[in-house]
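Okay, structure first, notes after.
Read-outs: derived from the displayed coordinates by stated rules, not from any lab. Since this is a predicted model, take the numbers as computed values, not measurements. Here the Cβ positions follow ideal geometry from the backbone for every residue, glycine too, while neighbour counts run over all protein chains shown.
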Amino acid sequence: MIRPERLKKGDTVGVIAPSGPPNIKDVESAAHFFRDLGLHVRMGKHVDKVHGYLAGSDQQRLEDLHAMIQDPTIKAIIFARGGYGAGRIIADIDYSLIQANPKIIWGYSDITYLHTAIRQLTGLVTFHGPMLASDIAKENFDGLTQSMFNQLFEPSQLIYSEKISSLTVYNEGDAEGILVGGNLSLVVSTLGTPYEIDTKDKLLLLEDIDEEPYRVDSMLNQLRLAGKLQEAAGIVVGDFAKAEAQMDLSLSLEEVFHDYFSKLDCPVLEGFQIGHCLPHIAVPLGAPANLSTKKKTLIVEPGVS
């Protein structure tokens with residue numbers, strides 16, 4: 001495990017878009033948040049490019065990522081938004097470059113593919129947290145979500161309890177392991193590839209948006225058939241936004257969760273405000289963590305050194 005170096009006031013963070021094209025006005029507006037934290041902000045060369053549903057060509061997006069990684073003045077990379085596209089460049093990333101230049105990498109949603117590949121090929125701890133255009137630029141970007149960036153300046157243990165949100169137990173127990181995962185659909189998309197997520201003895205975080213119960217059912221079933229749920233030490237169920245059924249006859253999301261999680265031999269706790277939601281609790285992926293259904297807590301060790 002490699003923890004990136006903490007930020008200090010006066011440091012420079014880089015902003016790139018490895019997936020979908022962000023609203024540039026929103027990106028520029030959100031950049032003021034980092035300046036208010038005492039940081040400088042540098043935009044990627046191609047962050048404003050648009051290529052259909054992609055933020056520029058594969059080569060342009062890859063070039064921005066490599067440029068930010070190898071630039072010693074860039075201390076953190078904050079992604080502009082998710083969408084789709086990170087998986088298209090995953091095989092061409094220079095992971096030895098990342099390992100030789102470990103730094104803070106922060107984002108979520110489609111960025112799950114990057115988190116998974118980078119962690120498994122380099123050992124670098126990365127951060128599942130809110131991004132510029134999709135979160136920070138919003139009018140309801142709240143104080144609790146803003147405070148999540150403090151963990152980048154000072155190593156601090158994250159303690160998530162019901163003081164933040166109500167949590168539901170689907171299977172009892174306590175477990176320890178490094179925290180992995182992220183967006184459910186992206187986790188599933190790694191299966192059968194060289195970047196297939198390793199969940200053995202890990203705490204698996206799952207969240208998603210715009211997926212009806214039958215779609216969540218299908219993806220959880222694929223993870224089950226691949227052995228990924230059974231291998232996990234515990235399951236951390238984050239926010240599933242806009243998951244209402246659009247068909248007349250449907251199982252509820254809670255019934256789907258019960259079908260898959262209550263039969264496991266590991267603790268499962270649901271209701272974490274992690275994902276496509278505000279407040280949005282940011283967590284370091286690849287850091288050691290403890291999940292307790294008795295205490296209803298998720299405790300994650302610091303992600304920076």
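Want the number for Lys242 to Arg88: 0.36 nm per residue separation, take away the alpha-carbon distance, what's left?
On the way: separation 154, 0.36 × 154 = 55.44 nm, distance 2.62 nm.
That works out to 52.8 nm of additional length.
Give me the extension gain from Ser147 to Ile2: residue separation times 0.36 nm, minus the current Cα-Cα distance, reported in nm with one decimal. Intermediate values should be presented prior to the final figure.
On the way: separation 145, 0.36 × 145 = 52.20 nm, distance 2.35 nm.
Computed gain between Ser147 and Ile2 is 49.8 nm.
In debye, nearest 20, what is the charge dipole magnitude of the stretch 158-300 about its Cα centre with +1 on Lys and Arg Cβ and -1 on Asp and Glu Cβ, if you could check? Before the final figure, lay out each step's value.
Values: 11 positive and 22 negative charges, 94 e Å.
That gives the stretch 158-300 a dipole magnitude of about 460 debye.
If R0 is taken as 45 Å, the Cβ-Cβ distance between His40 and Lys263 corresponds to a FRET efficiency of 0.35.
Want the number for Glu254 to Asn23: 0.36 nm per residue separation, take away the alpha-carbon distance, what's left?
Extra length from Glu254 to Asn23 when fully extended: 79.7 nm.
In this structure the amide hydrogen of Leu205, modeled in the peptide plane, comes within under 5 Å of the amide hydrogens of Val180, Gly181, Gly182, Val236, none closer than 5 places in sequence on its chain. Over the chain, Cα pairs under 8 Å with separation of 6+ residues give a relative contact order of 21 percent. Scanning the chain for GluC sites (Glu not before Pro) in DSSP loops with at most 16 neighbouring Cβ atoms within 10 Å leaves 6-138 as the longest stretch between them. Calculated from the alpha-carbon coordinates, the stretch 12-152 shows an Rg and a Dmax of 13.8, 39 Å respectively. About its Cα centre, the dipole of the chain is roughly 960 debye, where the only charges are +1 on Lys and Arg Cβ and -1 on Asp and Glu Cβ. Amide H to amide H, with H built 1.01 Å from N, Thr12 comes under 5 Å of His40, Lys75, counting only residues 5 or more places away or on other chains.
With n ≥ 4 as the cut-off for DSSP H runs, can you work out [θ] at 222 nm for the chain, using -39500 (n - 2.57) per run divided by the number of residues, rounded to the nearest 500?
Values: 10 runs with 84 residues, N = 305.
When only DSSP H runs of four or more count, the value is -7500 deg cm²/dmol.
When the Gaussian network model of the chain links Cα atoms closer than 10 Å, the mean-square fluctuations of Gly87, Gly227, Gly275 top out at Gly227.
State, as an integer percentage, the relative contact order of the stretch 238-282 based on alpha-carbon contacts under 8 Å between residues 6 or more apart. Display every interim value, and only then the final one.
Numbers: 29 pairs, mean separation 23.5, N = 45.
About 52 percent, as a whole number.
Here the Karplus curve 6.51 cos²θ - 1.76 cosθ + 1.60, taken at θ = phi - 60°, turns the phi angles of the stretch 44-61 into couplings of x, 4, 10, 4, 9, 6, 10, 9, x, 8, 10, 8, x, 5, 4, 5, 5, 5 Hz, with x standing for Gly and Pro.
Axis angle, to the nearest 10 degrees, between helix 24-36 and the longest C-alpha principal axis of the chain: 90 degrees.
A Gaussian network model of the chain, with springs between Cα atoms under 10 Å, assigns the largest mean-square fluctuation among Leu203, Leu114, Leu278 to Leu278. Here Lys294 and Asn221 are evaluated by their C-beta separation; at R0 = 30 Å the FRET efficiency comes out at 0.55. The long axis of helix 213-225 is offset from the longest Cα principal axis of the chain by roughly 90 degrees. Per-residue 3J(HN,Hα) values for the stretch 192-207, derived from phi via the Karplus relation 6.51 cos²θ - 1.76 cosθ + 1.60 with θ = phi - 60°, read x, 10, x, 10, 3, 5, 9, 10, 4, 6, 10, 8, 9, 8, 9, 8 Hz in sequence order (x marks Gly and Pro). Here r is the Cβ-Cβ distance between Asn140 and Thr12 and R0 is 25 Å; the resulting FRET efficiency, rounded to 0.05, is 0.35. Calculate the length of the line joining the C-alpha centroid of the stretch 217-255 to that of the stretch 27-50, in whole Å. Comparing the Cα centres of the stretch 217-255 and the stretch 27-50, I get a distance of 35 Å. At the listed q of 0.07 Å⁻¹, the Debye profile of the chain, built from one uniform point per Cα, gives log10 I(q)/I(0) equal to -0.24.
For the stretch 158-300, the percent of C-alpha pairs falling in each 10 Å distance bin, counted from 0 to the bin holding the largest distance, reads 12, 46, 36, 6, 0.
Highest GNM mean-square fluctuation among Leu251, Leu167, Leu264, for the chain modelled with Cα contacts below 10 Å: Leu251.
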